[in-house]
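Colleague: Let me begin by handing over the structure; questions about it come next.
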Amino acid sequence: MKKIVVLGSSGSIGIQALDVISKLKKDMAVVGLSVHSNIPLLKSQIKQFKPKAVSVNSPDEAKNLKEWLASNKLKTTVFYGKEGLEQLVSMKEADTVLAAIVGAACLAPLIKAIESGKTIALANKEVLIMAGYLITSLAKKHSVSILPVDSEHSAIFQCCIGENKSKIKKIILTASGGPFHKPNIDFSKITLKDALAHPTWKMGKKITIDSATLMNKGLEAIEACVLFDVDIDKIEIVIHPQSIIHSMVEYVDGSIIAQMSKPDMRIPIQYALTYPDRIVSNLSGFDLAKFAKLEFYKPQFNKFPCLKLALKAARSGGTFPAVMNAANETAVKAFLDEKISFVSIAKIISKTMSAHKNTAGKDVETIINADDWARKYADNLIRINGRTK
Ligand code: MG
């Protein structure tokens, strides 16, 4: 029986993870949940899963929740704030932490979970961009496994099982291409609604915008370097609009191994939670004939500057990936708030990266400082420039 803490249980991945767990009751149980602000959903999740503890954002929310729990005769412990997340992931009752908080906020609880020896199912990619090698070396030190939840990385992970990693020639990272892969798109006229209409995947807002700019694939390239310990030049990005092949690994003998499934995040979530086992699920039923046409294209770097910027940050190393990531989070938030245009996202990131003096990024503090600096710098650019025409 696996005992799981779900960080970010009201987000897209968190909700789908709870759906997976609810169908595998014999094999796993929820012992902890955390949300940032969706208390109504947390209440219904508490009623369904009866976790040992939960964590919310503020002391006021914690107080209100405790009153609600008492009036419903529920015995869940309530933590709050950054410390609350750390208390939640280090509970002795938990053995696995599904880290599905979006963005840099996931870093501190993730480090605590690793230090507490929990198995990590990692859905957050930003922390690996910021502090990837610090996280993987910490995991090694504590003999902790980090199992990827991101569909591409779950695919690569599966394509590497039983193989010698030194025989990898390259990793072929597939991308749906997002809604703007089509020809004749006027990028200056893209609206928020256009950018949120992803053709194949149903995801949270931040990642949906990252998919539309192709930043997501740049972030995933760095994520793959960290998780599989390969050089950025061994990662090839291929646009595959059907989202059926989730990534491939080419070996030195010319064989390419691919992992395929319907584009449904519950498949990689379940694999990360049941690994090394595979468990029967109701997600099967994959009719290849319905997907007779699988296409592959090279990405158009000139149309998607965010992808170029991410790869540049990967090659530069040090604090550059953290700065690029922080500027992207800030710019995407401003685009979601309709403060800047779609094309301004890349401009904000590029300007922030140009102003940054790269350093080695040897410890978490250096990285957090670089992240902080980049957020303020990008925020300032957004404030000064307003909506870039
Ligand atoms: Mg992905």
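Colleague: Scan region 47-79 residue by residue and report those that are touching a residue at least 12 places away in the same chain (Cβ under 8 Å), assigned to a helix (DSSP H, G or I) and not charged (D, E, K, R).
Modeller: GLN48, PHE49, PRO59, ALA62, ASN64, LEU65, TRP68, LEU69
Colleague: Could you list, in sequence order, the residues of region 80-118 that are among the polar types (S, T, N, Q) and in contact (Cβ under 8 Å) with a residue 40 or more places away in the chain? Before you say what the answer is, go through the steps one by one.
Modeller: Of all residues in region 80-118, those among the polar types (S, T, N, Q) come to 87, 90, 96, 116.
Result: THR96, single match.
Colleague: I need the full set of residues from region 177-228 which are within 12 Å of the ligand (Cβ to nearest atom), surrounded by fewer than 23 Cβ atoms within 10 Å (Cβ to Cβ) and free of Cβ contacts under 8 Å to residues at least 40 places away in the same chain, in order please.
Modeller: HIS198, THR208
Colleague: Select from region 268-282 the residues that are within 17 Å of ASP19 (Cα to Cα) and either surrounded by 15 or more Cβ atoms within 10 Å (Cβ to Cβ) or in contact (Cβ under 8 Å) with a residue 40 or more places away in the chain (or both) and list them in ascending order.
Modeller: Of everything in region 268-282, those that are within 17 Å of ASP19 (Cα to Cα) and either surrounded by 15 or more Cβ atoms within 10 Å (Cβ to Cβ) or in contact (Cβ under 8 Å) with a residue 40 or more places away in the chain (or both) turn out to be PRO268, ILE269, GLN270, TYR271, ALA272, LEU273, THR274, ILE279, SER281, ASN282.
Colleague: Another one. Starting from residues that are surrounded by fewer than 22 Cβ atoms within 10 Å (Cβ to Cβ) and among the β-branched types (Val, Ile, Thr), keep the ones in region 318-375 and report whichever is farthest from the chain's Cα centre (by Cα).
Modeller: THR359
Colleague: Next question. I'd like to verify a number: residues in region 25-77 that are touching a Phe, Trp or Tyr at 6+ places or on another chain (Cβ under 7 Å) and exposed (fewer than 14 other Cβ atoms within 10 Å of the Cβ), how many?
Modeller: So the count comes out to 2.
Colleague: Looking at region 176-211 only, could you name the residues that are touching a Leu at 6+ places or on another chain (Cβ under 8 Å) and at negative phi?
Modeller: First, pick out the residues of region 176-211 that are touching a Leu at 6+ places or on another chain (Cβ under 8 Å): 177-178, 192, 205-206, 208-210.
If the condition is that a residue be touching a Leu at 6+ places or on another chain (Cβ under 8 Å) and at negative phi, then LEU192, LYS205, LYS206, THR208, ILE209, ASP210 are the ones that fit.
Colleague: Could you please let me know if LYS202 is modelled with pLDDT of 95 or more, among the basic types (Lys, Arg) and farther than 17 Å from LEU147 by Cα?
Modeller: Working: modelled with pLDDT of 95 or more: no; among the basic types (Lys, Arg): yes; farther than 17 Å from LEU147 by Cα: yes.
Considered against the rule, which asks whether it is modelled with pLDDT of 95 or more, among the basic types (Lys, Arg) and farther than 17 Å from LEU147 by Cα, LYS202 comes out as no.
Colleague: Related question: Please go through region 288-314 and give me each residue that is aromatic (Phe, Trp, Tyr) and in contact (Cβ under 8 Å) with a residue 24 or more places away in the chain, ordered by number.
Modeller: Residues of region 288-314 aromatic (Phe, Trp, Tyr): 291, 296-297, 301, 304.
Selection gives PHE291, PHE296, TYR297, PHE304.
The values are calculated or read from the model by the stated rules, or taken from the named source; none is laboratory data. Remember, predicted model here, so these are calculated numbers, not experimental data. Neighbour counts run over all protein chains shown; Cβ positions are idealised from the backbone, glycine included.
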